[in-house]
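The values are calculated or read from the model by the stated rules, or taken from the named source; none is laboratory data. Nothing here was measured: the structure is a model prediction, and the numbers come from that model. With ideal geometry, Cβ positions are generated from the backbone for all residues, glycine too; neighbour counts draw on all protein chains shown. Quick note on the areas: whole protein, heavy atoms, side chains included, nothing else; ligands and nucleic acids left out. Shrake-Rupley method; radii C 1.70, N 1.55, O 1.52, S 1.80 Å.
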Amino acid sequence: MEEKNPLPLSPEERNFLQHYKKELEHLKLLEEAAVLELCRKAEESGDSFAKAGLTEQFLPEVLRLAEGYCGQGLMLGDLVQEGNVGLMLAIETLGMRAEGCTAREYLLEEIRTAMEQAVESNRAERRAGDLLAGRLNDLKDQIEKLSEELEGQVSMEELSAYADMPAEEIVKLLKLAGEGKDL
C-alpha cells in the first residue's frame, strides 16, 4: 500500500530513517505502568538506570515528533538529535514539572520544545544569512556603479561617502565576503 503524505525527505534522510527505525526495532517497549515507575524512580532518586530506561522508552516518540517537523529547514537526523537532547534534559528536570502535568506530557512537551527551538534557530540563521547576502550584493552593486562613474578603482573614503556607510562596516562586510584587498 502506498504511503499517504510521504515525508519530504532527501535520499540521505530516507536512509537515516530506515536505519534508525531498524535500530528502534531492538528496543523492548514497556507497558505504561512500567514507564511510570521509571519516571518515579528517575524523579525521586535520580536512578541512572531508570533515566537510561526512560530515554530508551521515548526514542520512538522522539522520532515520531521529529517526523512532524520535517521540511522546516533541518535534516531529520538533526531533529532527532535535538529531540534526544531535549528528552535527556527533561528527564533530569522531571521533578520541576508543573503540578497536574504528567511525566509523559512533560517529557513530550520538552522534546517538542527542543525541536521547535532548533527549527526557529535555523530560520533565524538563514534570515541573518539572507540579510548579509543582500547587504553584500548591494555593496557590490554600489562599488561597480561608483567605479564606472569614476572610471577607475574606488577608494574606501569614496565608497563610504557614496554608500553612506561607515568605512569600518564596509571593511567588515568585504572581509566576510573574502574581498576588500583592493580597497
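Details
- The residue that is surrounded by the fewest Cβ atoms within 10 Å (Cβ to Cβ), among those in the stretch 102-129 that are among the hydrophobic types (A, V, I, L, M, F, W, C) and more than 13 Å from Gly73 (Cβ to Cβ), is Ala128.
- Considering the stretch 65-77, and only residues there that are small (Gly, Ala, Ser) and in a helix (DSSP H, G or I), the residue that is surrounded by the fewest Cβ atoms within 10 Å (Cβ to Cβ) turns out to be Gly68.
- Per the listing Val80, Val62, the residue uniquely in contact (Cβ under 8 Å) with a residue 60 or more places away in the chain and open to solvent by less than 20 Å² (accessible area, probe 1.4 Å) is Val80.
- Within the stretch 147-166, residues that are more than 20 Å from Arg135 (Cα to Cα) and open to solvent by 80 Å² or more (accessible area, probe 1.4 Å) have Cβ atoms under 7 Å from residues that are assigned to a loop (DSSP other than H, G, I, E, B) and at pLDDT 85 or above in no pair, counting only partners at least 6 apart in sequence or on another chain.
- Test: residue in the stretch 117-140 that is among the β-branched types (Val, Ile, Thr) and closer than 30 Å to Leu87 by Cα: yes
- Residues that are open to solvent by 70 Å² or more (accessible area, probe 1.4 Å), outside any loop (DSSP other than H, G, I, E, B) and among the acidic types (Asp, Glu) within the stretch 10-36 comprise Glu12, Glu23, Glu32, listed in sequence order.
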